[in-house]
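The values are calculated or read from the model by the stated rules, or taken from the named source; none is laboratory data. Just so you know, these numbers come straight off a predicted model, no measurement behind them. Neighbour counts run over all protein chains shown; Cβ positions are idealised from the backbone, glycine included. Each accessible area value is taken on the protein alone, full model and side chains, heavy atoms only, with ligands, DNA and RNA left out. Shrake-Rupley method; radii C 1.70, N 1.55, O 1.52, S 1.80 Å.
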Amino acid sequence: MRLFAAVPVPEPAREQILRLLGKLREAGWPVRWVHDEGLHMTLKFFGEVAPERLDVIAEALRFAGHGADALALELGELGAFPSRNRPRVLWVGVQAPAGLELLQDRIERGCEAIGFPPEGAPFQPHITLGRVREGQRLPTTGLEDHAEGFERVSFVARQLVLYESMLTTAGLRYESRMTLDFGP
C-alpha cells in the first residue's frame, strides 16, 4: 500500500484552486495535473507500506493528532519545487498558524518511533497542483500570468486523513483508510 497523511482541502479554497487549475491546464504545459478530487495538503508521506502496518500507522496518527484544534489556514502564493528556475512540482502555498507546524512535527516524531524516518527537508505547507512530465521542461517565467484573479482565501482544516494512493488506468485514486476530526 502506498500511504500518506494529509489534510483535505475544503470549500472555499477547493473552488479557488479548481479555477486556478483550469487556467493552468489551458497553458498546454507538459504537466500531469492533480485530479480535482486529489486536492490535499500532505503532512507525512509513508511510501510503500505492508498492509499489516496500517493499524500501527493509524494509531500513531491518532496519538499525534489527539486534542488538535481545527486549523485556520489561507492559500498563499504559487511556487515550484525544487525552484522556480527548475520547476518539477507546481504548488500553491498555505499560510498556516503554528498549530499546523506543531501537528506536522508531532506526526513526524510519532511516525519516527514506529520506523518511518523524518523528511529530509523542512516542512513547507503546500497543495500540489501538478508534476512536470519526465524529461520535459517548463518555462521559468509566466506562472503568475495564469493566476490572474486567484484569491488567497481563508479556510478551516477540520480533518487529518490517512490516504492510500492507487495508480489506476485513469490516474491516481485516493482512498481514505482513517480519518481524525479536529476539535472546534
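Whose amide H sits under 5 Å from the amide H of Val31, counting only residues 5 or more places off or on another chain, with H placed in the peptide plane?
Arg133
Where does the charge balance sit around Val89 when Lys and Arg score +1, Asp and Glu -1, over other residues with C-beta under 15 Å from its C-beta?
Values: positive: Arg32, Arg84, Arg86, Arg88, Arg131, Arg133, Arg137; negative: Glu77, Glu119, Glu134.
Local net charge: +4.
For Glu151 and Thr179, calculate 0.36 nm times their separation in residues minus their Cα-Cα distance, and state this gained length in nm to one decimal. Don't skip to the answer; put the middle values down first.
Values: separation 28, 0.36 × 28 = 10.08 nm, distance 2.87 nm.
Gain on extension, Glu151 to Thr179, equals 7.2 nm.
With charges only on Cβ, +1 for K and R and -1 for D and E, what is the dipole size of the stretch 117-180 about its Cα centre, in debye, rounded to 20? Show your work: numbers first, answer last.
Values: 7 positive and 8 negative charges, 43 e Å.
Rounded to the nearest 20 debye, it is 200 debye.
With only alpha-carbon pairs counted, each pair once and no self-pairs, how large is the Kirkwood hydrodynamic radius of the chain in angstroms? Could you put the intermediate results ahead of the total?
Working: mean 1/r = 0.0583 Å⁻¹.
After inverting the pairwise mean of 1/r, the radius is 17.2 Å.
What's the angle, to the nearest 10 degrees (0 to 90), between helix 13-26's Cα axis and the longest principal axis of the chain?
Helix 13-26 sits at roughly 40 degrees to that axis.
Please report, as a whole percent, how much of the solvent-accessible surface of the chain comes from carbon and sulfur atoms (probe radius 1.4 Å). Write out the running numbers ahead of the final one.
Working: 4970 of 9980 Å².
Reported share for carbon and sulfur atoms: 50 percent.
Place a label point 7 angstrom from the Cα of Phe63 along the Cα-to-Cβ direction, then list the residues of the stretch 92-135 whose backbone nitrogen is under 19 Å away.
Hits in the stretch 92-135 for Phe63 at 19 Å: 102-119.
If we count every other residue with Cβ under 13 angstrom of Gly135's Cβ, Lys/Arg +1 and Asp/Glu -1, where does the sum land? Numbers along the way, then the final one.
Numbers: positive: Arg32, Arg88, Arg131, Arg133, Arg137; negative: Glu134.
Net charge in that neighbourhood comes out at +4.
So for the stretch 33-184, averaging the separation of alpha carbon pairs under 8 Å that are six or more residues apart and normalising by length, what relative contact order in percent results? Before the final figure, lay out the partial values.
Values: 223 pairs, mean separation 46.9, N = 152.
That works out to 31 percent.
Give me the distance in nm between label points sitting 7 Å out from Cα along the Cα-to-Cβ direction at Phe81 and Thr169, one decimal.
3.1 nm
Kindly write out, for the stretch 150-162 in residue order, the coupling ³J(HN,Hα) from the Karplus curve 6.51 cos²θ - 1.76 cosθ + 1.60 (θ = phi - 60°), rounded to whole Hz, with x marking Gly and Pro.
Whole-Hz 3J(HN,Hα) from phi for the stretch 150-162: 6, 9, 8, 6, 8, 7, 10, 8, 10, 9, 10, 10, 8.
Please compute the net charge surrounding Phe63, taking Lys and Arg as +1 and Asp and Glu as -1 over other residues with Cβ under 11 Å from its Cβ.
Working: positive: Arg62, Arg106, Arg109; negative: Glu59.
It works out to a net charge of +2.
Starting from the residue with the highest accessible area, list Trp91, Trp29 in decreasing order, probe 1.4 Å.
Trp29, Trp91
Treat every Asp and Glu Cβ in the stretch 81-169 as -1 and every Lys and Arg Cβ as +1, leave all other atoms uncharged, and give the resulting dipole magnitude about the Cα centre to the nearest 20 debye. Don't skip to the end; give the middle numbers.
Values: 10 positive and 11 negative charges, 41 e Å.
Magnitude of the dipole: close to 200 debye.
If you average the alpha carbon positions of the stretch 101-144 and of the stretch 1-80, how far apart do those two centres end up, in angstrom?
That distance is 10 Å.
Counting only the heavy atoms of the protein chains, how much of Phe123 is accessible to a 1.4 Å probe, in Å² to the nearest 10?
Estimated to the nearest 10 Å², Phe123 gives 60 Å².
Hey, what angle do you get for helix 98-112 against the long axis of the chain, alpha-carbon based, 0 to 90 degrees rounded to 10?
Around 60 degrees separate the two axes.
Quick check for you: with a 1.4 Å probe and neighbouring chains kept, what is the accessible area per residue of the chain, in Å²?
Values: 9980 Å² over 184 residues.
That works out to 54 Å² for each residue.
Among Ala58, Thr128, Pro12, flag the residue with its Cα farthest along the positive direction of the charge dipole of the chain, charges on Cβ as +1 for Lys/Arg and -1 for Asp/Glu.
Toward the positive end, the furthest listed residue is Thr128.
With unit charges on the beta carbon (Lys/Arg positive, Asp/Glu negative), name the residue among Ala70, Gly99, Leu162 whose Cα is farthest towards the positive pole of the charge dipole of the chain.
After comparing all options, I get Leu162.
Can you list residues from other chains, or at least 5 along the same chain, whose modelled amide H is less than 5 Å from the amide H of Phe182?
Excluding prolines and chain starts, which carry no amide H, the hits are Gln159, Leu160.
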